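Below: the structure, in structure tokens.
The values are calculated or read from the model by the stated rules, or taken from the named source; none is laboratory data. Remember, predicted model here, so these are calculated numbers, not experimental data. As a convention, Cβ positions derive from the backbone with ideal geometry for all residues, glycine included, and neighbour counts pool all protein chains shown. Keep in mind that these areas ignore ligands, DNA and RNA; they rest on the heavy atoms of the full protein, side chains included. Shrake-Rupley method; radii C 1.70, N 1.55, O 1.52, S 1.80 Å.
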Amino acid sequence: MRKLLSLTLLALASSSAFAGGYRVSLQGQKQLAMGHTGVAVVNSAEVLFFNPAGMSYLKDRFNVSVGANILTAKTKFQNEMYNWNASTTNTGTPFNIYASYRITDWLSAGLAVYTPYGSEVAWNQDWQGAHLVNKIDLKSFYVQPTISLKVNEYFSVGGGPIYVNGSVEFNRNLFRGDNITDANGNRPDVTLDAKGISGWGYNVGFMFNPTNKMRLGVNYRSKIVMEARDGDATFHDVPAFLQGTLTNTQFNADLPLPAELTAGLSYQITDKFLVAFDINRAMWSAYKALVVEFANGAPTSNNPRNYKDATTYRIGAQYKANEKFTFRAGWYHDESPVQDGYFAPETPRNSSMGYTGGLTYQIGKRFGIDVSFLYLHFDEVDNSYDHYTEGANQNVSFGGTYKSSVFSPGLGVTYSF
């Protein structure tokens with residue numbers, strides 16, 4: 001039972017902490033359209049997420065940005081040796097709300113609410129990898145109060161705490177294949193349900209404007225440890241000879257989200273044309289293992305994950321055609337933190353390239369409508385997960401070829417005065 005729940009929680013952590021299998025950047029319509037650059041861009045209240053120091057340089061005293069996306073993620077799995085085939089299509093609806101207010105000429109304050117990790121991944125319950133995952137449904141909400149101090153026209157700093165709260169539901173079969181079933185022929189499975197998962201972190205940054213056309217920015221987002229406490233593990237369709245062993249219980253686990261460091265610059269080539277470059281380093285190597293404690297007295301379990309640090313390179317451009325229309329486009333390359341032998345269907349995520357675009361339609365001087373899109377193409381990968389244990393079978397491998405893609409249109413509004 002200890003090994004069973006440990007492996008289930010390991011799968012849960014990899015999915016819930018890292019965007020339900022897809023680490024997709026969707027934290028603002030304007031900046032998403034520019035390749036999700038933003039650490040050195042001052043366009044709107046979206047700067048609260050990308051670099052809170054930039055609040056000091058917003059033109060208007062009061063700024064609000066509200067947006068949402070529809071995310072559609074598709075994954076195909078194939079193992080030619082055993083003639084296995086499976087696919088999954090899943091959706092998510094991340095949103096963001098940003099608001100800022102200039103209190104004095106040197107002090108600004110704001111609030112950011114966003115959902116960077118929130119999606120559902122569901123495979124067919126009879127597929128060949130059902131012993132690793134059938135379904136995961138994640139919901140998370142980030143709340144970030146922020147202040148920014150303007151030292152002068154050239155330099156500013158900003159930051160604030162981050163509070164995260166969410167829930168996750170995870171289901172997988174208990175055994176490989178269909179050799180073990182209940183009296184009705186149903187394969188036994190387990191559902192893990194954890195609500196009120198929470199954690200604290202912080203976001204700090206600075207912005208430097210060496211000329212009136214160039215901005216430099218640096219932002220640091222701390223590691224956040226999500227604390228799952230008294231989660232419920234519920235078993236279904238358990239055969240009679242196992243009902244005394246596989247009893248419902250509770251669990252505790254800490255699920256780390258890695259720290260991130262982003263640096264970048266933007267340059268106003270002409271009055272109409274702006275370009276931006278960002279580089280992001282995610283400290284995935286902090287995620288060595290998942291430690292799980294059980295309420296039924298089973299020994300504490302330590303599960304290796306062995307992720308590696310990963311870098312994302314971003315480029316974006318903005319063209320203001322006239323007072324009504326502004327057009328944007330961008331591209332980024334996102335490295336995978338998953339190492340060989342740890343590639344699981346809970347996180348079918350290899351290195352990827354994102355293609356973005358969008359526009360703003362301005363209605364008067366205060367109100368604008370933002371439209372964006374993202375197409376994310378993951379490199380085809382042939383890899384495996386080599387750390388599943390069942391009874392006397394140690395480190396049973398499950399692998400094949402994965403093809404994944406994500407498409408996400410978005411819509412937002414901005415208002416300022």
Next on the checklist: Compute the distance from the alpha-carbon center of segment 357-387 to that of segment 65-84, in whole Å.
Outcome noted: 15
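Rounded to the nearest 500 deg cm²/dmol, what is the calculated helix-only ellipticity per residue at 222 nm for the chain, with -39500 (n - 2.57) per DSSP H run of length n ≥ 4?
On the way: 3 runs with 25 residues, N = 417.
-1500 deg cm²/dmol, from helical runs alone.
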Item to check | Residue pairs, from the table LYS195/LYS403; LYS272/LYS365; LYS76/LYS195, whose Cα atoms sit over 26 Å apart | outcome: LYS195/LYS403; LYS76/LYS195
Checklist outcome for this item: If one compares the long axis through the Cα atoms of helix 2-17 with the longest principal axis of the Cα atoms of the chain, the angle in degrees, nearest 10, works out at 20
Checklist entry - Just how large is the dipole of the chain about the Cα centre, in debye to the nearest 20, putting +1 at every Lys and Arg Cβ and -1 at every Asp and Glu Cβ? => result 1500
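Carbon-plus-sulfur fraction of the accessible area of the chain, 1.4 Å probe, in percent?
On the way: 9700 of 17510 Å².
Ligands and nucleic acids excluded, carbon and sulfur give 55 percent.
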Checklist entry - Excluding ligands, DNA and RNA, what is the solvent-accessible area per residue of the chain at a probe of 1.4 Å, expressed in Å²? => result 42
Item to check | Cα pair distances of segment 303-381 binned at 10 Å [whole percent] | outcome: 16, 33, 23, 17, 9, 2
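First select every other residue whose beta carbon is under 10 angstrom from the beta carbon of VAL42; then total the charges, Lys and Arg +1, Asp and Glu -1.
Values: positive: LYS59, ARG215; negative: GLU46.
Net of charged neighbours comes to +1.
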Checklist outcome for this item: Dividing the mean separation of Cα pairs under 8 Å (6+ apart) by the residue count of the chain yields a relative contact order in percent of 19
Item to check | Relative contact order (%) - criterion: Cα under 8 Å, at least six apart; region: segment 194-285 | outcome: 28
